[in-house]
Amino acid sequence: MTSVHHSEQSSGSSEAAAVPSAIAAGRILPVVVLEEAAAAEPLAVALTEGGLHTVEVTFRTDAAADAIRVMSQRPDLLVGAGTVLTPAQVDRAVEAGARFVVSPGFGPAVVRHCQELGVPVFPGAATATEIQLALDAGLDTVKFFPAEQLGGLAMIKALAAPFRSVRFIPTGGVNTSNLSDYLANPSVLAVGGTWMVAPALLAAGRWDEVTRLTAAAVSAAHAVGGSQE
């Protein structure tokens, strides 16, 4: 794959466009919880060998920043930080090399700080009010979380009707059984998933299985059709 990194001269607007395009191209954004930074490199290898070149490393563990620092050194992997709840975490993530930020809800301070730094941000939005807040902030792509618990694809269709310009990254309960249904909807940019990077697999170092599950997910996603940019 062509390098996903850009030169130091890349503008903020170019980066803001390049990140969602890269996520849309892969159609799947693995959501990773790493307990040990030592697992970051073999995980990066496993994901890329399976055909995925974007990843979200969540700030749910103390190893997150170090894991991002390791994984972001790879030119074939676009690394973002997830579960970012505070501006201080934004700073830690960006310093470690995160190219985008994802949060479970709409936090005005987090969104504002990301924009000040020129870092693409995808806040969680579960209601029409939260989507309106995202639009007011100049955003057009949001995380829909927890997707299945909030009504899944039916809810996304309902929200997409009045918000035709918004693209969703549903996360939470997405798996191989419903992956195709989500990705067939033009309002869905990509899906977030954990099944190919399940904590038990990572803890056991089952990198071949991560690669196998990743490759199967990529194949299923691409069978649905092209990305919905």
* Relative pair counts by distance (%), Cα atoms of the stretch 165-224, 5 Å bins -> 4, 19, 27, 22, 15, 8, 4, 1, 0
* **Residue among Pro30, Pro146, Pro162 with the largest mean-square fluctuation in a Gaussian network model of the chain, springs linking Cα atoms under 10 Å** => Pro162
* Divide by every residue of the chain the summed helix terms, -39500 (n - 2.57) for each DSSP H run of at least 4, and state the resulting mean residue ellipticity at 222 nm, rounded to the nearest 500 deg cm²/dmol. => -13000 deg cm²/dmol
* Asked: Given H placed on each backbone N at 1.01 Å, which residues far from Arg167 in sequence or on other chains put an amide H within less than 5 Å of it?
  -> Thr141, Val142
* Structure fact -> Taking every alpha carbon pair in the stretch 50-174 and sorting the distances into 5 angstrom bins from 0 up to the bin holding the longest one, the percent per bin comes out as 2, 12, 22, 21, 19, 14, 8, 2, 0
* For the chain, with every protein chain kept in place, what is the accessible area per residue (1.4 Å probe, Å²)? -> 42 Å²
* Using only Cα atoms, locate the centre of the stretch 10-56 and the centre of the stretch 196-217, then give the distance between them in Å, rounded to an integer. => 15 Å
* To do: Determine the sum of side-chain charges near Phe122: Lys and Arg each +1, Asp and Glu each -1, restricted to other residues whose C-beta is under 14 angstrom from that of Phe122.
  => -1
* To do: Wrap a convex hull around the Cα atoms of the chain, take a quarter of its surface area, and give that in square nanometres.
  => 11.0 nm²
* **Where only alpha carbons of the stretch 96-229 are counted, the Rg and the Dmax (Å)** => 15.5, 45
* **Spherically averaged projected area of the stretch 38-100 from its Cα convex hull (nm²)** => 3.7 nm²
* Asked: Using r as the Cβ-Cβ distance of Arg212 and Leu85, and R0 as 25 Å, what FRET efficiency do you calculate, to the nearest 0.05?
  -> 0.15
* **Within a Gaussian network of the chain (alpha carbon springs, distance under 10 Å), most fluctuating of Glu35, Glu116, Glu15** => Glu116
* Express the relative contact order of the stretch 1-138 as a whole percentage, based on alpha carbon pairs under 8 Å and six or more residues apart in sequence. => 21 percent
* Provide Rg over Rh for the stretch 100-172; use the alpha carbon set for both Rg and the Kirkwood Rh (inverse mean inverse pair distance). => 0.95
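Got a number for carbon plus sulfur as a percent of the chain's accessible area, 1.4 Å probe?
Accessible surface attributable to carbon and sulfur in the chain totals 54 percent.
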* Can you pull the three principal axis extents for the Cα set of the stretch 64-124, in Å, largest first? -> 31, 18, 17
* To do: Starting at the first residue of the stretch 138-153, write each ³J(HN,Hα) from the Karplus equation 6.51 cos²θ - 1.76 cosθ + 1.60 with θ = phi - 60°, in whole Hz, x for Gly and Pro.
  => x, 9, 10, 10, 10, 7, 10, 8, x, 4, 5, 5, 8, x, x, 5
* Using alpha-carbon pairs under 8 Å, 6+ residues apart, how would you state the relative contact order of the stretch 44-92 in percent? -> 41 percent
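The values are calculated or read from the model by the stated rules, or taken from the named source; none is laboratory data. As the structure is a prediction and not an experimental result, all values here were calculated from the model. Neighbour counts run over all protein chains shown; Cβ positions are idealised from the backbone, glycine included. For the accessible areas, the whole protein counts, side chains as well, though only heavy atoms, and no ligand, DNA or RNA atoms are used. Shrake-Rupley method; radii C 1.70, N 1.55, O 1.52, S 1.80 Å.
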